[in-house]
1. Which one is surrounded by the fewest Cβ atoms within 10 Å (Cβ to Cβ), of the residues in region 616-657 that are on the phi > 0 side of the Ramachandran plot and within 36 Å of the chain's Cα centre (by Cα)?
2. Among the residues of region 578-597, is there at least one that is more than 31 Å from the chain's Cα centre (by Cα), of a type in the set (Ser, Thr, Tyr), exposed (fewer than 15 other Cβ atoms within 10 Å of the Cβ) and closer than 30 Å to Gln689 by Cα?
3. Could you tell me whether Ala448 is assigned to a helix (DSSP H, G or I), at pLDDT 85 or above, within 24 Å of the chain's Cα centre (by Cα) and under 30 Å from Val269 (Cβ atoms)?
4. Scan region 82-99 residue by residue and report those that are among the charged types (D, E, K, R) and in a strand (DSSP E or B).
5. Note down all Cβ pairs under 7 Å where the first residue falls in region 157-173 and is in contact (Cβ under 8 Å) with a residue 60 or more places away in the chain, the second is polar (S, T, N, Q) and surrounded by 14 or more Cβ atoms within 10 Å (Cβ to Cβ), and they're at least six residues apart or on different chains.
6. Among the numbered conditions (1) farther than 27 Å from Glu186 by Cβ; (2) at pLDDT 85 or above; (3) not in a helix (DSSP H, G or I), tell me where Phe358 comes up short.
7. Looking only at region 224-272, count every residue that is modelled with pLDDT of 80 or more, touching a helix residue (DSSP H, G or I) at 6+ places or on another chain (Cβ under 6 Å) and crowded, with 19+ Cβ neighbours inside 10 Å and tell me the total.
8. Suppose we filter region 670-682 for residues that are under 18 Å from Gly567 (Cα atoms) and surrounded by fewer than 22 Cβ atoms within 10 Å (Cβ to Cβ); how many remain?
Amino acid sequence: MLRTVWKSILAHKMRLLSTTLSIVLGVAFIAGTYVLTDTMRAAFDDLFSSTTDGIDVAVRGEAEFTSALAETDRPPVPPEALDALAAVDGVRAVSGEVGGFAVIIDDEGNPVGGQGPPTIGINAPADEELTNATLRDGAFPTAPDEVAIDAATAEAQELAVGDTVRIVVDGPVEDYTVAGIIGFGEVDNLGGATLTMFEPGRALELYGADGYTEIYAAAEDGVDVDQLVVDVRAALGDGLEVLTGDELAQSVTAEINEGLGFFTTALLVFAGVSLFVGAFLIANTFTIIVAQRTRELALLRAVGASRRQVVLSVLLEALAVGLLGSVVGLVLGLGVAQALQGALGAFGIDLPQGDTVFALRTIVVSFVVGVGVTMVAALAPAVRSTRVPPIAALQAVAAPPLRRDGIIRYVFGGLVFAVGVGILALGLFSGAGIAAVGAGAVVTLIGAALLSPLVTTPIVALLGTPIAASRGVPGQLAKENALRSPRRTAATASALMIGLALVSFTMIMGASIQESAIVGIDQAFLAEYQVNPSSQGAPGSSAVPTDTVDTLGALDEVAVATPLRFGEFLYDDGVKFLGGVDPDTIDQVLSIDFVEGGWAALAGGLVVSEDTAESAGLALGDTLDVTFAATGAQQLTVEGIFDGANIDADWLIGEDTYTANFAGDGIASIYVKLADGVGVADARPALEQALEPFPTVQLQDLDEVKQSIADQIDQLLGLLTALLGLSIIIALFGIVNTLGLSVLERTRELGLLRAVGATRPQIRTMVRWESVLIAVLGAGLGLVVGSLFGWMVVQALSDLGISQFVVPGGRLSQAVVMAALAGVLAAIVPARKAARTDVLRALEAQ
């Protein structure tokens, strides 16, 4: 039987090629994702290990809780702790570090970095024994107007020792002289981050008003580091976190790995979509192959093969496809990893130097998924192959028609579809989580695929009528061929349906978010201008300089300039996102309606959105026990409950409460209300002149704010559509495969058409239009399912400000047109093969 299977594979190797490609693409995406993220983890591990090399003990403020924002709000280390650390037995040398954010300005006046990786400023080492920074050129800064720059940034900006560089910390831009170029061990690239090192005294002025960010110690020779940590904890007392150098590196890399975990999951979801589509292709291909091998399989039964052996022969063929696809996909995964790394580089995220990591887990997962998906998809056709009676071997039938679908299939499909929608609704409306949403979407798509033959005949008949009328006999034959087996046509279209459903859902969500944002801005903004960071980077790296508020507020053209800050606090065992506002001016720039209470008493309390108050059981006057990362436990009183619209936070505190409990100022935006009688255009020159010393911010009127939101959403849509495009490519391979096998099945028919006068162009036209009908059918079904998904998600997110359901008709129409064109491309090879059919040999075919 093994020899028979091998001979069958060799005899029909081309028919399995596109099936193998679907596995190749899906596995390549999985392997590439793992290779990229494993390489990134290893690179950052090496980087942070090198940056803490030589540090035996590290001391930092103890945060009450950790999160992306709260990590930047650790309380400072008191200056006296440095002397106490130096006095501990076994400590050879100590050094304090202060730091924050420092943005380098390029020759064009634009900020360098900040599009994800942080822009870091620190002090030069007071003791060179406790720095792992390695001078590539020059020296560490020793004067207030000197800095050292990391080597990667210096190379990118063509900076050398002695050059003048412009830097912004938390105020206007200032000029510094480059005293040195630094790296860390063998590492120059800091993962896209920029590092500016200031002279110690200047760094204390910029960042150390309340103490050190961290202090470090090196142990004397022979001292046990673990014991030294115990001694340091005893000497410094409570309120400070004492770590070994290794623990400090692990703490930082844990934060990086948490972010990479989300990144990995997101990419694997897209790989899963591709494999899901590929499973439809495999199942459809093996269904057709089994039908076309009726006589072959029946002959095996007639000469003594058991049902088990026939099933095994089909599954072994599937196993060969899965293994080959997995092997090739693994190899191509290295290229996918490089492509993804290049895409990250385009967004300013460059990996530190490091070797590519190809872990055993990557190989195992790729083979398990690739082979597993193939075997599961081929199982039903394999079992169906045993239903071929041995007597069929004696019949002159190349491929009997597929069994017509009965009511049982459609009832089952309807139940699956309903269950999928129910699970989806449960995940969206009952808080069951993203896993329920994903599972619901998958089950819904399977149900839609099962139901698709029910609508295939009327839709194809409708779409095919104008084609038949305009293209004559070839058009009529294309229509009839697509209608000949609705189940096969639907199965082929289903793969494309899945891809287009997700693409159309993405487009609908993007358009709905855009329109909701525009409506929200029109309803909420009383201000005419908004000042935002010119780049969106790591938390805190893109804050608006504090001086900007007073600078704008002093202008005659401005009635009020009020800042909006963001942060996090701990309440009821959960991290909550909050906004900090000026209660005296916020109502002049934002329209926020209160259900109870108001801004008047906000100075010592907080206000909360209506939905959050209801879910948390809060009422006006309640006292909350909350925890801030920098200051610990605090009590705040609920002074108001607002309707929750028009601001991106459910909890709001006054700016006095904010500055008292957060280590940084953290201004995210400034709303500018113009003085009475001052027009938007008239005020711009004065505003731009006032902001000229602050190149890290951008001034936007309301139209520009709307356009900026639209541009960001369009960029995200482009990325998501590109990632989903892989599943559409796989679906097109499915059309190629089905048409190719269909041409093989209709050899005698094609010969007869040629014999009665059909020309080769007419045969090609027939196959092309059949392909177009399948593609448009899949696209149309995808639009319907995608619109359903979009509507449900918008309804579920209405409380979060997604209030508008928008169907972008123009973009969706373009998607259908592109699907039709893709159908033409998919038909090129099958159409050419059909047109080249030898008439005499075709007439001899059985």
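The values are calculated or read from the model by the stated rules, or taken from the named source; none is laboratory data. Everything numeric here is computed off the predicted structure, so don't read it as measured data. A quick note on method: Cβ atoms are made from the backbone with ideal geometry, for glycine too, and the neighbour counts reach across all protein chains shown.
1. In this case the residue turns out to be Gly617.
2. yes
3. The answer is no for Ala448.
4. Answer for region 82-99, where residues must be among the charged types (D, E, K, R) and in a strand (DSSP E or B): Arg92, Glu97.
5. That search, which allows pairs on different chains as well, returns Ile167/Thr196; Val168/Thr696; Asp170/Thr546.
6. It is condition (1) that Phe358 fails.
7. Qualifying residue count for the region: 2.
8. Residues meeting the conditions: 0.
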